[in-house]
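Everything on this sheet refers to the single structure shown next.
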Amino acid sequence: MKLSFSNPSRSYDSTCNCVRFTGYASIMEVEFFLEAEALKKLSPKLASVESGYLQSFDAAKEHIYDVAGKAYVKDRKGSTVFVLKAGDF
């Protein structure tokens, strides 16, 4: 099942040093945690602060959504939470 990313909300979580966002598979919500190291790989010159991570996410969101969708199809096995790491990009 293909994911949609109809909710543009994303937030930086300083506890886990990641950007959180949500996808949807039909009516099921799927959570993603994008590690800051992955964002640094996508934007090497980004400022390592909340606003820098969110700007980097926004600039690369189509690519991020593509990687998230592939991770979901590959590893879904009933999981509704996925962590995207630098190696996924």
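Laboratory data are not the source of any read-out in this text; all were calculated from the coordinates shown. Only a predicted model underlies this, so the values are computations on that prediction, with no experimental measurement involved. Because the Cβ atoms are built from the backbone with ideal geometry, glycine has one as well, and the counts that use them run over all protein chains shown.
Annotations for the structure displayed:
- With a simple spin-label model that places each label point 7 Å from the Cα along the Cα-to-Cβ direction, the separation between Val49 and Ala25 comes to 3.8 nm.
- Taking the Cα centre of the stretch 10-88 as origin and assigning +1 to Lys and Arg Cβ atoms and -1 to Asp and Glu Cβ atoms, the resulting dipole is close to 200 debye.
- According to the Kirkwood relation over distinct C-alpha pairs, the hydrodynamic radius of the chain is 13.0 Å.
- Helix-only [θ]222 nm of the chain, DSSP H runs n ≥ 4, -39500 (n - 2.57) each, per residue, nearest 500: -11000 deg cm²/dmol
- For the chain, a Gaussian network of Cα nodes joined below 10 Å ranks Val19, Val67, Val30 by mean-square fluctuation, and the top entry is Val67.
- Stretch in the chain that is longest and holds no trypsin sites (Lys or Arg not before Pro) that DSSP places in a loop and that have at most 13 other beta carbons within 10 Å: 3-44
- A viscosity of 1.306 mPa s and a temperature of 10 °C, combined with the Kirkwood radius over Cα pairs in Stokes-Einstein, give a translational diffusion coefficient for the stretch 24-67 of 141 µm²/s.
- Pairs of Cα atoms nearer than 8 Å and 6+ residues apart set the relative contact order; for the chain it is 31 percent.
- Sequence-distant residues sharing a close amide H with Phe82 (under 5 Å, placed H): Glu31, Phe32, Phe33
- 3J(HN,Hα) from dihedral phi, the stretch 6-15, Karplus parametrisation 6.51/-1.76/1.60, rounded to Hz, x for glycine, proline: 6, 9, x, 5, 8, 8, 8, 10, 5, 5
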